[in-house]
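The values are calculated or read from the model by the stated rules, or taken from the named source; none is laboratory data. Source: prediction; values computed, not measured. Glycine also receives a Cβ, built like all others from the backbone with ideal geometry; neighbour counts cover every protein chain displayed. Just the protein is used for accessible areas: all its heavy atoms, side chains included, with ligands, DNA and RNA removed. Shrake-Rupley method; radii C 1.70, N 1.55, O 1.52, S 1.80 Å.
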Amino acid sequence: MDLRVGIIGAGGIAKDVHVPNYLKHPDKVKVVAVADISIDNAKSLATQYDIQHVFTDYKEMLETVELDAVSICTPNKFHAEATIAALQAGCHVLCEKPPAMTVEEAEEMEKEAEKAGKMLTYGLCYRYSAEVRTLKRFIDADELGHVYAARVHALRRRGIPGWGVFTNKALQGGGPLIDIGVHMLDTALYLMDYPEPDTVLGVTYQMLGNKKGVGILGEWDYENFSVEDMARGLITFKNGASIIIESAFAANVEILDEMSVTLMGDKGGADVFPLKINQEKHDTLIDITPSYLPKKDRYELQIEQFIHTCLTGEEPISTARQGVFLQKIINGLYESAKTGEAVKLS
C-alpha cells in the first residue's frame, strides 16, 4: 500500500527536507498534495516535485484529497491547528518542532492523536544523528549508569536568520530557545530517558538582535526583532536530574556556531557532538572516541522512521507525550524569564 502524503506549508523545510526524502521511497510513498497560504509557494513546490493537488487552504486539502499522512511545515503559530485538523481527518502527522506555542496546545494535540488512533510525532531530527544513535546504545547498555546532569548549548556568535519569521514572536513564540535550543534540549532529554520536568528558572536577553550588526546568516530585520537573542536556564526533574541550557542567535562568544550536549552519569559521561565517552575503568580515567560513524543524513532517517511507523503502527521515537514535556520546559523558561521567579511545572 502506498502512503499518500500531504504537505501543509511549502517553505524551505518542506522543499529541502520533507518532500525530497519522501520521494526516496517511491515504493512506499506518494506525495499527492500541498497547501500553503501563498499560492505561488504551493505551485512552486508542486511544480518542482510533480505534486498533483495544490491548495491555499489546508482544510480544503484534507476534505478533498484522500490522505494517510501529513507533514506540518508551517510557522510555529499554526502547528496545533493544522495538526489537530489532520488528525481529525484520519491522518498520521509529522509536525516540525517545536510542538506548538503553548502547553495547552501540545496537550490538545496529544489528546486528538489518542482520540483518532493516529500517530503524532515531531521533527526533532538530532535524535537520528549517528552520534546520538550510537550513544543511545551505550546508555542502554548501562555504560553511563544513572545520567543525572546535562549541559546543553545551542549558541551562535552572529547567527540571526535573515529570512523567514524566526524573529517574529507572534508567529514563532520566541527566538533561539524555541528554534535551535529545542533541538539540543530534546537530545539531552531523549538520552536521559525523558524524565518528567519539575522546576525551571530562566532568563532571556535582547541585547544584540534589536540593532544593526554583522549577520553570517544574512541581514535581519533588527527594527522588528521581537524575540530574545539569548536564553539561559536551569531545569530540574522529578527524578533529581538537572539540565543547564544556553541558547543564542547572537552572543559575543568565540565559536560561530555551537550545538552541543554534555551528559554526566555515575558510571560515565559523554560529549555528544562530536561523540566522546568519558569513564573511569581499572583505576584509570579513559576517553572513548569512535573511529567510524555512519554518515546517513538525520533528516532522511527521520522521514524513513515516520514512514515505517505509519505503515507498521509501531510507536515513534519521538512521542506526543514527550512533546508535552518539551513544551512545558520551553514555556516555563519563558515564563520564568518574564516574572523573574522559578516556575513549578508539576
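Can you pull out the residues in the range 27-44 that are within 17 Å of P75 (Cα to Cα), among the hydrophobic types (A, V, I, L, M, F, W, C) and touching a helix residue (DSSP H, G or I) at 6+ places or on another chain (Cβ under 7 Å)?
Answer for the range 27-44, where residues must be within 17 Å of P75 (Cα to Cα), among the hydrophobic types (A, V, I, L, M, F, W, C) and touching a helix residue (DSSP H, G or I) at 6+ places or on another chain (Cβ under 7 Å): V34, A35.
Would you check which residues across the range 314-346 are of a type in the set (G, A, S) and either touching a His at 6+ places or on another chain (Cβ under 9 Å) or without any contact (Cβ under 8 Å) to a residue 40 or more places away in the chain (or both) and list them?
Taking the range 314-346 as the starting set, the residues that turn out to be of a type in the set (G, A, S) are 318, 320, 323, 332, 336-337, 340, 342, 346.
Across the range 314-346, the qualifying residue is only G340.
Take the residues of the range 221-234 that are part of a strand (DSSP E or B) and in contact with a Pro (Cβ under 8 Å, 6 or more places away or on another chain): which is surrounded by the fewest Cβ atoms within 10 Å (Cβ to Cβ)?
Within the range 221-234, the first condition is being part of a strand (DSSP E or B), and the residues that meet it are 230-234.
Retained after the next criterion (residues that are in contact with a Pro (Cβ under 8 Å, 6 or more places away or on another chain)): 230-231.
On the way: M230: 23, A231: 26.
Taking the candidates together, the pick is M230.
Mind checking which pairs have a first residue in the range 25-48 that is in contact (Cβ under 8 Å) with a residue 60 or more places away in the chain and a second that is hydroxyl-bearing (S, T, Y), Cβ under 6 Å, 6 or more apart or different chains?
That search, which allows pairs on different chains as well, returns V29/Y22.
Kindly indicate whether K28 is among the basic types (K, R) and under 29 Å from I330 (Cβ atoms).
Numbers: among the basic types (K, R): yes; under 29 Å from I330 (Cβ atoms): no.
So K28 fails the test.
Name the pairs whose Cβ atoms lie under 6 Å apart, with the first residue in the range 182-209 and without any contact (Cβ under 8 Å) to a residue 60 or more places away in the chain, the second assigned to a loop (DSSP other than H, G, I, E, B) and surrounded by fewer than 17 Cβ atoms within 10 Å (Cβ to Cβ), and 6 or more positions between them or separate chains?
Filtered contacts from the range 182-209: P195/N239.
Give the range 184-217 a look and list any residue that's crowded, with 17+ Cβ neighbours inside 10 Å and β-branched (V, I, T), or say none.
Within the range 184-217, T187, T199, V200, T204 meet the criteria.
Within the set of pairs 6+ apart or on separate chains, which have a first residue in the range 128-139 that is open to solvent by less than 30 Å² (accessible area, probe 1.4 Å), a second that is of a type in the set (S, T, N, Q), and C-beta atoms under 9 Å apart?
That search, which allows pairs on different chains as well, returns Y128/Q302; Y128/Q305; S129/T187; V132/T187.
Read through the list (1) in contact (Cβ under 8 Å) with a residue 24 or more places away in the chain; (2) of a type in the set (K, R); (3) out of contact with any Lys or Arg (no Cβ under 9 Å at 6 or more places or on another chain), then give the number of the only condition that K281 fails.
Among (1) in contact (Cβ under 8 Å) with a residue 24 or more places away in the chain; (2) of a type in the set (K, R); (3) out of contact with any Lys or Arg (no Cβ under 9 Å at 6 or more places or on another chain), K281 violates only (1).
Tell me the residue from K111, K118, K77 that is without any contact (Cβ under 8 Å) to a residue 12 or more places away in the chain and either open to solvent by 10 Å² or more (accessible area, probe 1.4 Å) or touching a strand residue (DSSP E or B) at 6+ places or on another chain (Cβ under 7 Å) (or both), please.
Details: K118 fails: without any contact (Cβ under 8 Å) to a residue 12 or more places away in the chain; K77 fails: without any contact (Cβ under 8 Å) to a residue 12 or more places away in the chain.
Of the residues listed, the single one that is without any contact (Cβ under 8 Å) to a residue 12 or more places away in the chain and either open to solvent by 10 Å² or more (accessible area, probe 1.4 Å) or touching a strand residue (DSSP E or B) at 6+ places or on another chain (Cβ under 7 Å) (or both) is K111.
Select from the range 235-247 the residues that are farther than 19 Å from H183 by Cβ, assigned to a strand (DSSP E or B) and either open to solvent by 40 Å² or more (accessible area, probe 1.4 Å) or touching a His at 6+ places or on another chain (Cβ under 9 Å) (or both) and list them in ascending order.
Residue satisfying the conditions is T236 alone.
Can you find a residue in the range 150-157 that is out of contact with any Lys or Arg (no Cβ under 6 Å at 6 or more places or on another chain), over 26 Å from L191 (Cβ atoms) and open to solvent by 50 Å² or more (accessible area, probe 1.4 Å)?
Start the filter on the range 150-157 by keeping residues that are out of contact with any Lys or Arg (no Cβ under 6 Å at 6 or more places or on another chain), which leaves 150-157.
Those still in the list that are over 26 Å from L191 (Cβ atoms) too: 157.
From the residues that got through so far, the ones that are open to solvent by 50 Å² or more (accessible area, probe 1.4 Å) too are 157.
Yes; the residues of the range 150-157 include at least one that is out of contact with any Lys or Arg (no Cβ under 6 Å at 6 or more places or on another chain), over 26 Å from L191 (Cβ atoms) and open to solvent by 50 Å² or more (accessible area, probe 1.4 Å).
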